[in-house]
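Chemist: Just passing along the structure, written as structure tokens.
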Amino acid sequence: MNKLIVVTGGSKGIGRSIIERFMAAGFDAVACARKTDDLKRLETETTSKLKESKLYTFTADLAQPEQVKEFASFITSLNRSITVLVNNAGYFVPGSLADEPEGALEQMMDANLFSAYRLTRCLLPTLKQQGHGHIFNMCSVASIKAYANGGSYAVTKFALLGFSKCLREELKPWNIRVTAVMPGATLTASWQGTHLPEERFMKAEDVADMVYACWAVSERSVVEEILIRPMQGDI
Ligand SMILES: NC(=O)c1ccc[n+]([C@@H]2O[C@H](COP(=O)([O-])OP(=O)(O)OC[C@H]3O[C@@H](n4cnc5c(N)ncnc54)[C@H](OP(=O)(O)O)[C@@H]3O)[C@@H](O)[C@H]2O)c1
């Protein structure tokens with residue numbers, strides 16, 4: 001049977017590239033997102049190319065605790081080992097802490113941090129019982145570097161890195177690996193409307209290749225952090 005990867009926010013951008021990378025290597029995948037149409041498109045496009053792999057999709061807003069639970073129940077109902085979990089769902093609203101709209105921090109905490117925290121907690125009993133697994137948390141360069149227009153987004157990504165570090169320490173006894181992924185600017189829908197040239201950004205495929213490479217090292221090692229930036233540095 002194929003191995004299984006679960007990717008939150010798998011319908012677009014970096015999440016989608018990770019799904020395609022792992023499916024090309026023979027994995028089955030579970031993807032979730034809020035928009036069912038995008039998930040259906042992903043399903044059509046991947047299954048026509050990758051006939052040996054199966055894709056499961058689930059519509060959920062992971063900023064909502066009840067929907068996280070429903071997604072987790074869907075995953076466990078498949079009755080499969082979870083080889084890789086990628087907590088990728090999230091979004092960026094630029095701004096300054098002083099001037100961003102009221103509620104920006106709370107909303108981004110729900111989508112960028114609590115989605116990962118809640119889903120991981122739901123799946124940990126399965127992962128611990130397996131005695132293996134690999135959790136990737138999609139942090140950001142904004143997890144280690146504050147910048148003027150980062151606002152609450154950067155606060156949530158610093159927190160997600162903290163979550164990753166704590167999880168890494170906790171899960172050693174169960175042989176569950178934890179990796180914090182910190183990409184710089186990557187050309188996805190999040191950058192729609194940018195006037196910067198395409199070449200100034202990383203490709204989502206490059207982030208996916210790094211995630212796959214980290215998963216593929218032997219069981220004796222864990223890559224704790226991936227820091228990957230555009231060739232010419234941060235934007
Ligand atoms: N692009 C960059 O430069 C960059 C750099 C560093 C880190 N990151 C991080 O990488 C991750 C992916 O970013 P991306 O650029 O690939 O974004 P993207 O192209 O906008 O894709 C985001 C994905 O997450 C889903 N999503 C968003 N909010 C969700 C929610 N509440 N519940 C469920 N799914 C949700 C989206 O689908 P729906 O809209 O249908 O829900 C989509 O599948 C994010 O965590 C982002 O912060 C991105």
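The values are calculated or read from the model by the stated rules, or taken from the named source; none is laboratory data. Computed from a predicted model, the values in this text were never measured in an experiment. Note: ideal-geometry Cβ built from the backbone for every residue, glycine included; neighbour counts use all protein chains shown. The area values use the complete protein model at the heavy-atom level, side chains included, leaving out ligands, DNA and RNA. Shrake-Rupley method; radii C 1.70, N 1.55, O 1.52, S 1.80 Å.
Chemist: For the charge dipole of the chain, defined by +1 on Lys and Arg C-beta atoms and -1 on Asp and Glu C-beta atoms about the Cα centroid, which residue among L119, A60, L160 has the Cα displaced farthest towards the positive pole?
Modeler: L119
Chemist: Can I ask one more? Where in the range 21-48 is the amide nitrogen less than 18 Å from a point lying 7 Å along the Cα-to-Cβ axis of D206?
Modeler: Correct set: 21.
Chemist: If you place +1 on the Cβ of every Lys and Arg and -1 on the Cβ of every Asp and Glu, how big does the dipole about the Cα centre of the range 174-215 come out, in debye to the nearest 20?
Modeler: In debye, rounded to 20, the range 174-215 gives about 180.
Chemist: What is the dipole size for the chain, taken about its Cα centre, with +1 at each Lys and Arg Cβ and -1 at each Asp and Glu Cβ, in debye to the nearest 20?
Modeler: 700 debye
Chemist: Another question about this same structure. Among the aspartates and glutamates, which fall within straight-line cross-link reach of K172, defined as a Cα-Cα distance under 16 Å, with same-chain neighbours fewer than 8 residues apart omitted?
Modeler: Straight-line reach from K172, under 16 Å: E219, E224, E225.
Chemist: Pull up the cross-link candidates among the aspartates and glutamates for K51, meaning alpha carbon to alpha carbon under 19 Å and not fewer than 8 places away within one chain.
Modeler: E20, D28, E43
Chemist: Does anything in the range 99-121 have its amide N under 15 Å from the 7 Å Cα→Cβ label point of A146, and if so which residues?
Modeler: 99
Chemist: Long-range amide H contacts for V6: which residues qualify at under 5 Å (H placed 1.01 Å from N, peptide plane, sequence gap of 5 or more or a different chain)?
Modeler: Amide H neighbours of V6, under 5 Å, 5+ apart: V30, V84, L85, V86.
Chemist: Is there a quick way to get the dipole size of the range 99-235? I mean about its Cα centre, with the Cβ of Lys and Arg at +1 and of Asp and Glu at -1; what is the value in debye to the nearest 20?
Modeler: Numbers: 13 positive and 16 negative charges, 120 e Å.
Dipole of the range 99-235, to the nearest 20 debye: 580 debye.
Chemist: Quantify, in whole percent, the carbon and sulfur part of the accessible surface of the chain (1.4 Å probe; protein heavy atoms only).
Modeler: Details: 6030 of 11740 Å².
That share works out to 51 percent.
Chemist: Identify, among L105, C139, I18, the residue whose Cα sits farthest towards the positive end of the charge dipole of the chain, taking +1 on the Cβ of Lys and Arg and -1 on the Cβ of Asp and Glu, with the dipole about the Cα centre.
Modeler: My answer, from the dipole projection, is I18.
Chemist: Rounded to the nearest 0.05, what FRET efficiency do E45 and R220 have when you use their Cβ-Cβ distance and R0 = 45 Å?
Modeler: Result of the calculation: an efficiency of 0.80.
Chemist: Now for a different question. Sequence neighbours fewer than 8 away in the same chain don't count; with that in mind, list the lysines whose C-alpha is under 24 Å from K145.
Modeler: Once the sequence-local lysines are set aside, what remains near K145 is K157, K165, K203.
Chemist: Can you work out the accessible area per residue across the range 4-228, with the rest of the protein chains kept in place, probe 1.4 Å, in square angstrom?
Modeler: I get 48 Å² per residue for this part.
Chemist: Checking understanding here: applying a Kyte-Doolittle mean of at least -1.0 and a length along the axis of at least 27 Å (C-alpha), which whole DSSP H helices in the chain pass?
Modeler: Qualifying helices: 151-171.
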